[in-house]
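**Q** My questions all concern the structure below.
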Amino acid sequence: FHFRYCWQDILLAFFVNENYFTKNHQFCLISSTPDEQVSSLFQQLVTVDVPEKNTPFRIEINEIDCTIEQSNESKPIEIIVSFLQQIADGDQQQIGNILCYTIGEKECQTISFGIDTKIRESNDEKIVFLDVFDQQFQHITKIYQLHQFIREQIIKHDNTSLFVIPVILTKNSTQLQKDFAICDFPSDIVSCSKLVISSHRIESQSVRNIIAVVDNGLEKQTVYDYQRGINILKLKRLSQSCRQQRIKKLGIFQNGFAYKLNITDFYKEMIVDVDIQRADLKKYILDLKNLGIDVKKLFEKLPQGPSVSKLEQALKTLKQIGLINQIEVITKNGKSLTLYDNMSLTYASS
């Protein structure tokens, strides 16, 4: 459990509603980033903190807010290069990995290239930017080969304090990139820092030994364009709870810094509501009614449910377009529309 999306909240509501279980049961909630709103649902929830080796579970995170005028990759590049220089100069206590969130593969590539360029322009001999996934190294196909190649580069650059190895994680990443991002370096490789640049879709990857997180607070969400009849990607703000989940990935392991980029265009009003409170409820209601679920009772069990007026308005609209009847039972037309994920209920019923 990492992020509070609509269906995850609905699933949690099932678990806390004993009417949906016919046998005695125990629910085990496993999360690297615990959420107090979720934990409060379970009155008899026993909390067990699992430490990472000898590191305490609860660690203070130094959160730094950075306000920028518009979404671009220049600020993350500036922050990361400055942080890497601090590590190389010995201003940070230890070498560790950096996790940078952005919105897509193109942005990931831009950040990686920009950091490489800035390091080269600075002529800082203490830092080497080593892209082991560059096309010229396509012959490397195994983790142990990567580690051996890194050892060779360390010997070659014996005056270097820090080797920065970028790893881009998107839906098009290779299995080698994914495996390398989550594995530890061998004990004899001590001067390397992974720079994991990640799109929102794969952030459940368990990147270890993180000492800094850079988060732009945005994601690209697939939405259906009814005029063109195709799916498009739309830029979306993350809720505050989702941003905290991202930042808490840092505190699992050790002390560190979380750089939160607040874009003025998007944060004129800070979003604090979770997804279910901002969602169009009609599709969720219809899917649940198709399963024979009492929507009103279930929504009372949500960690942070929508307002009663919003729920009633959604039910009223479903009645008006004939997808549920006056006693709020799903109709034949309503059942047929549950088969389609990306269809406007209002347009389809007209």
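Nothing in this text is a laboratory measurement; each read-out follows from the coordinates by a stated rule. Everything numeric in this text was worked out from a predicted model, so none of it was measured. Every residue, glycine among them, receives a Cβ derived from its backbone with ideal geometry; neighbour counts consider all protein chains shown.
**Q** Suppose each label sits 7 Å from its Cα in the direction of the beta carbon; what would the Ser309-Ser82 distance come out to in nanometres?
**A** Spacing of the two 7 Å Cα→Cβ label points: 4.4 nm.
**Q** Classify the stretch 61-263: rounded, prolate or oblate, from the alpha-carbon gyration tensor (a ≥ b ≥ c, eigenvalue square roots; a/c under 1.5 rounded; otherwise prolate if a/b is larger than b/c)?
**A** Details: a/c = 1.80, a/b = 1.42, b/c = 1.26.
Verdict is prolate for the stretch 61-263.
**Q** Could you put Leu233, Leu311 in order, starting from the residue whose Cβ has the fewest other Cβ atoms within 10 Å?
**A** Working: Leu233 12, Leu311 17.
Ordered from fewest to most neighbouring Cβ atoms within 10 Å, Leu233, Leu311 come out as Leu233, Leu311.
**Q** Subtracting the Cα-Cα distance from 0.36 nm times the residue separation, let me have the gained length for Asn62 to Lys156 in nm, one decimal. Don't jump to the answer; show the numbers that get you there.
**A** Values: separation 94, 0.36 × 94 = 33.84 nm, distance 3.56 nm.
That works out to 30.3 nm of additional length.
**Q** Over the stretch 61-263, what relative contact order in percent results from Cα pairs under 8 Å that are six or more residues apart?
**A** In percent, rounded to a whole number, it is 32.
**Q** Would you list Val164, Val329 from fewest to most Cβ contacts within 10 Å?
**A** Numbers: Val164 23, Val329 10.
Result, fewest neighbours first: Val329, Val164.
**Q** Can you compute the FRET efficiency between Asp91 and Asn172 using 1/(1 + (r/R0)^6), with r the Cβ-Cβ distance and R0 = 25 Å? Round to the nearest 0.05. If you can, show how the numbers build up before the last one.
**A** Numbers: r = 36 Å, r/R0 = 1.42.
The formula returns an efficiency of 0.10 here.
**Q** Here is a follow-up. Quick check on the exposure proxy: order Ser173, Ser112 from fewest to most C-beta atoms within 10 angstrom.
**A** Working: Ser173 20, Ser112 23.
Fewest-to-most Cβ neighbours within 10 Å comes out as Ser173, Ser112.
**Q** Now for a different question. Residues in the stretch 157-189, backbone N under 20 Å from the label point at Arg208 (7 Å along the Cα-to-beta-carbon vector): list them, ranges by number please.
**A** Taking a point 7 Å out along Cα→Cβ of Arg208, the residues of the stretch 157-189 whose backbone N falls under 20 Å are 163-169, 175-189.
**Q** What FRET efficiency, computed as 1/(1 + (r/R0)^6) with R0 = 30 Å and r the Cβ-Cβ distance, is obtained for Lys296 and Asn333, rounded to the nearest 0.05?
**A** Working: r = 22 Å, r/R0 = 0.73.
For Lys296 and Asn333, the calculated efficiency is 0.85.
**Q** Follow-up question, since we're still on this one. Run the numbers for Asn262 and Asn17: contour at 0.36 nm per residue of separation, minus the present Cα-Cα distance, in nm. Could the numbers behind the result be given before it?
**A** Values: separation 245, 0.36 × 245 = 88.20 nm, distance 3.77 nm.
Length difference between fully extended and current span is 84.4 nm.
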